[in-house]
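Okay, so here's the structure we're looking at.
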Amino acid sequence: MSGARLDLEGIGKSFRGLRAVHDVSFTVPAGAVHALIGPNGAGKTTIFNMIAGVFAPDAGAVRLDGETISGLRPDRICDAGVGRTFQLVKPFRGLSVLENVTVGALHRHRHLGQARDSAAAILSRLGLHDRRHQLAESLTLPDRKRLEVARALATEPKLLLLDEVMAGLRPTEVDVMVQFLRELNQRTGLTILLIEHVMRAVMALAAEIVVVSYGEKIAQGTPHEVTRHQAVLDVYLGEQEMA
Amino acid sequence: MTADFFLSLAQAIAKGLLTGMVYGLMALGLSVVFGVMRIVNFAHGEMMVVGMYLAWMGFEYLQVSPMLSLPLIAILFFAAGYALQRGLISPFINRPEHQQFLLLLAIAILLVNACLAIAGPDLRGVQMEAQFESYELGPLVLDAVRLHAALTAIAIAGLLWLFFTRTRTGKSIRAAADNHTGALVVGLDVRRLYAFTFGVGAACVGAAGALMITIIPVSPFLAVEYTLLAFVIVIVGGLGSMTGALAGGLLIGVSEAVAGLLLQPSLKSMFSFGLLILVLLLRPQGLFGKAGS
Amino acid sequence: MNLVRRLVGNAPPRILWSLGALLALLLIAPALLGKYWLSVLILILYFAYVGQAWNILMGFAGQLSLGHALYAGLGGYIAAGLYFHYGIGPWAGLFAAVAVAATAGAIVGYLGFRFSLAGVYFALLTIAFSEFTRVAFDHWAWAGGSGGLFLKVDATRDIVNLRGGPVLFYYVILALAVGAFILCRALLESRLGRYWLAIREDAEAAQAVGVPVLRCKMIAIVISAALTALAGVWNAFYYNNLFPETAFAMGRSIEITLAPIIGGLGTLFGPVVGAVVLTGLGEAFTDLSDALRISGIKQIFYGLALLVIVVYRPAGVWPWLADKLGLKERQP
């Protein structure tokens, strides 16, 4: 499995004896956009947290470009090149939008001035430049989602983990975000793994989809294959999103 | 020699248990307020001292025994606590901790210096007949006042238990303490509940003050020590846990008494603070608290 | 030069001129002021300095310490003890004082942060350490026990041993306060400073963008403790006596927190403005209560003033004042 940017090998995690994730394996090649989908409580965010180092997997290993990163602290995993957003957005509320992103940029730029320039550039690409002096707590939810993405991008990751950045956005806003991410991927070759419920975005972005349910991987394939997979249809029976 | 030692040890433990009941009642007031509102009452010891002074004044000027003025003091404290919560503390519930701290610090300064202005800096105690009486329990001798205070504290704790398990308001308060956001969702009248809770917490500490004055004299400068003592007890017992506060009170009461017997009396608080550090680090939910909360 | 540019940064010229004028005034103040006003100014500078030190940990890094008396007390006791027992002057002694206090800070911080104690729980841990140390010093003969440690009062100026009158102590605390102000500005305008603010706002999010949270918090508490220890050394030699009951008292810890909270947490001018307000109120109430002759009345006024400030200006006096003056300390 060398050559893969991200390689999950049989990772598992239990909380107080409850199995949250069990024996999940998949890979994301460099430069690809993949999606991780599944019903609520399927363990998607737990998988993200294991990749990002919030907690180590009980079993299995996470590798980035062949190097094992599981067990490292979140800041070391960020050093290694993984950027992430939080499903429940976590802006630095009392800091300005620009400073929020500057904190991320300081990761690659030692000097405040350079970091601020780099942050400003990212903000203009995400359309937040006009709001850069506002406090983060004054932003609307869609803008906070964009701020999450901007802050993660500022750390200049090799792999970007996006946890439901489309949730709560209006359809037109979803299109803007999709367009932005697609351009980003094509222009910089950034590898992206996204958890998403908005299937329109998943279909538009992901080359491949991994489906999890009750903590286990039940299917993997192109959007076309996955939507015709019987196990997936069973899981999503009644959920209209899976059009 | 050893028999003597064990007797005095048993004596110290008995004394510690009795004092510990009053400590527990005091700490209960702090714990209830934290459990429900997540506010640490930095004025708790000051409230305790006010309770002690009120009982002392009742005795000194009106010749009313602290045991008799206790219900009145508890009611007064309930009303004052209710009003305080409604008027001043309520807007601070969701504010940053340092702002809550400053507010309660200001209240503490006002309370303790009001005592100083009215009663002066000297130690004030009550002189009662019962202080010269004692009960004999086998070889143990129990001070009458301490025993009365402990029994009253147990009775009040029992009443509180009834209140928290049998009444609607009490159950709501417990629900709010167990599940802070849940209570909001269920739509309990949180503002009234909070005020009621602060009132109950204040009544506990007021009653504890009335009991304490029969055992130990009061001075304004003891307020900080009571605040710290209450912190130690509730952390050791489990911040927010009501049974934990009572158990913590007994534990600290006994350990103080025993430490006072074995070590220099002035070292006994070092033991308490050492215990506080260990519990904070190793078992922050408290020795008697539920794990994982 | 580069450093100067970074410090000055984009501060408006009129602020720089005002600060320069203020500094010039402070430098000649002893020539202009009588004994009483000089002592008031000394008090203001002391609280501004020690508040600045505390503000690094709480205002910048967001960790509430209510036990800073520990570091001031240790610093004072170490320096005073070395002088008292071995004749080692404070300029040498302060290195030991700072080392001991910084180590104490590192221990408190490591335990608290490692065991992830946050908010009130961390505050209680700091109180517990301070109280624990207070009782220990009560029983430590080298430090004079509960009877206290006294330095010989000597008004002949001896800068080497920090012996002298108020003017000497005035210039020392002025240098400390100005130094701390500049240091805090430099820290705030650095990568570390931004990392602290990020941790204060949301530690988990900070760690996700690569902030080494534990290390940054440790640096904050060690710097804060070290600076506070210097205040303790100054305090010990200014007042010439030390008692565990006061040096490590919770009241001392609380005193340290007030100027920055009242002035405005996390701001550079907050501790300074807070120190002016608090000391000013304190002195005014002293005069008033002397006239009224009731014990405790001074503290009652003081408590009322705190109450009014926290109810009406919960974010502190400085942000409001800056707004009124048309200045805005850029909250980064």
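Assorted remarks:
- Test: C:T257 is away from every other protein chain (no Cβ under 11 Å), among the hydroxyl-bearing types (S, T, Y) and out of contact with any Asp or Glu (no Cβ under 8 Å at 6 or more places or on another chain): no
- Against the test of being within 11 Å of another protein chain (Cβ to nearest Cβ), out of contact with any strand residue (DSSP E or B) (no Cβ under 8 Å at 6 or more places or on another chain) and among the aromatic types (F, W, Y), the options B:F271, B:F288 yield a single qualifying residue, B:F271.
- In the stretch C:111-155, residue farthest from the other protein chains (Cβ to nearest Cβ) [restricted to those that are in a helix (DSSP H, G or I) and among the aromatic types (F, W, Y)]: C:W142
- Conditions (1) at pLDDT below 90; (2) within 14 Å of chain A (Cβ to nearest Cβ): number failed by C:Y195: (1)
- Residue within the stretch C:169-186 that is farther than 22 Å from C:G51 by Cβ and not β-branched (V, I, T) present: no
- The set of residues from the stretch C:285-317 being of a type outside the set (D, E, K, R), away from chain B (no Cβ under 12 Å) and free of Cβ contacts under 8 Å to residues at least 12 places away in the same chain comprises just one member, C:A291.
- Here B:S266 passes the criteria (1) over 13 Å from B:Y23 (Cβ atoms); (2) surrounded by 24 or more Cβ atoms within 10 Å (Cβ to Cβ); (3) within 9 Å of another protein chain (Cβ to nearest Cβ) except the one numbered (2).
- Test: residue in the stretch B:250-257 that is at pLDDT below 80, on the phi < 0 side of the Ramachandran plot and surrounded by fewer than 21 Cβ atoms within 10 Å (Cβ to Cβ): no
- Residue check, C:A72 more than 14 Å from every other protein chain (Cβ to nearest Cβ), part of a helix (DSSP H, G or I) and either within 20 Å of the chain's Cα centre (by Cα) or within 18 Å of B:F42 (Cβ to Cβ) (or both): yes
- Residues in the stretch A:35-65 that are assigned to a strand (DSSP E or B) and closer than 20 Å to A:C78 by Cβ: A:L36, A:A61, A:V62, A:R63, A:L64.
- From the list B:A150, B:A176, B:A155, the lone residue that is free of Cβ contacts under 8 Å to residues at least 40 places away in the same chain, in a helix (DSSP H, G or I) and either among the β-branched types (V, I, T) or more than 14 Å from chain C (Cβ to nearest Cβ) (or both) is B:A155.
- Test: residue in the stretch C:229-249 that is among the β-branched types (V, I, T) and surrounded by fewer than 21 Cβ atoms within 10 Å (Cβ to Cβ): yes
Matching residues to (1) surrounded by 22 or more Cβ atoms within 10 Å (Cβ to Cβ); (2) more than 14 Å from chain C (Cβ to nearest Cβ); (3) closer than 29 Å to B:F198 by Cβ:
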{"position": "B:F101", "(1), (2), (3)": "yes, no, yes"}
{"position": "B:C115", "(1), (2), (3)": "yes, no, yes"}
{"position": "B:V126", "(1), (2), (3)": "no, yes, yes"}
{"position": "B:Q131", "(1), (2), (3)": "no, yes, no"}
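Residue-wise test of (1) touching a strand residue (DSSP E or B) at 6+ places or on another chain (Cβ under 8 Å); (2) surrounded by 15 or more Cβ atoms within 10 Å (Cβ to Cβ); (3) hydrophobic (A, V, I, L, M, F, W, C).
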| residue | (1), (2), (3) |
| --- | --- |
| C:R14 | no, no, no |
| C:A29 | no, yes, yes |
| C:L45 | no, yes, yes |
| C:N55 | no, yes, no |
| C:A80 | yes, yes, yes |
| C:V100 | no, yes, yes |
| C:F113 | no, yes, yes |
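- A Cβ distance below 9 Å, combined with a sequence gap of six or more or placement on separate chains, defines the contacts here; from the stretch B:192-220, residues that are under 16 Å from B:R146 (Cβ atoms) reach residues that are part of a loop (DSSP other than H, G, I, E, B) and among the polar types (S, T, N, Q) in the pairs B:T214/B:S65.
- Checked against the criterion of being free of Cβ contacts under 8 Å to residues at least 12 places away in the same chain, surrounded by 13 or more Cβ atoms within 10 Å (Cβ to Cβ), within 14 Å of chain C (Cβ to nearest Cβ) and of a type in the set (A, V, I, L, M, F, W, C), the candidates B:A119, B:A106 yield just one match: B:A106.
- B:Q85 satisfies every condition listed in (1) over 20 Å from the mean Cα position of the chain (by Cα); (2) surrounded by 17 or more Cβ atoms within 10 Å (Cβ to Cβ); (3) polar (S, T, N, Q) except (1).
- Among residues of the stretch A:56-71 that are under 11 Å from A:R5 (Cα atoms), those with a beta-carbon under 7 Å from a residue that is among the aliphatic types (A, V, I, L, M) and part of a strand (DSSP E or B) at least six positions away or on a different chain give the pairs A:V62/A:L8; A:V62/A:I11; A:L64/A:L6; A:L64/A:V82; A:L64/A:L159.
- Looking across B:Y53, B:Y82, one residue alone is in contact with a Cys (Cβ under 8 Å, 6 or more places away or on another chain), among the hydroxyl-bearing types (S, T, Y) and either within 14 Å of chain C (Cβ to nearest Cβ) or in contact (Cβ under 8 Å) with a residue 40 or more places away in the chain (or both). It is B:Y53.
- Residue match in the stretch C:88-100 (condition: modelled with pLDDT under 95, over 22 Å from the mean Cα position of the chain (by Cα) and not polar (S, T, N, Q)): yes
- Any chance C:S224 is among the small types (G, A, S), within 12 Å of chain B (Cβ to nearest Cβ) and in contact (Cβ under 8 Å) with a residue 40 or more places away in the chain: no
- Those residues of the stretch A:88-134 which are more than 8 Å from chain C (Cβ to nearest Cβ), closer than 20 Å to A:D163 by Cβ, assigned to a loop (DSSP other than H, G, I, E, B) and touching a helix residue (DSSP H, G or I) at 6+ places or on another chain (Cβ under 7 Å), in sequence order: A:V89, A:L126, A:L128
The values are calculated or read from the model by the stated rules, or taken from the named source; none is laboratory data. A quick note: this is a predicted structure, and the numbers were derived from the prediction, not measured. Neighbour counts are summed over all protein chains in view; Cβ atoms, including those assigned to glycine, are modelled from backbone coordinates with ideal geometry.
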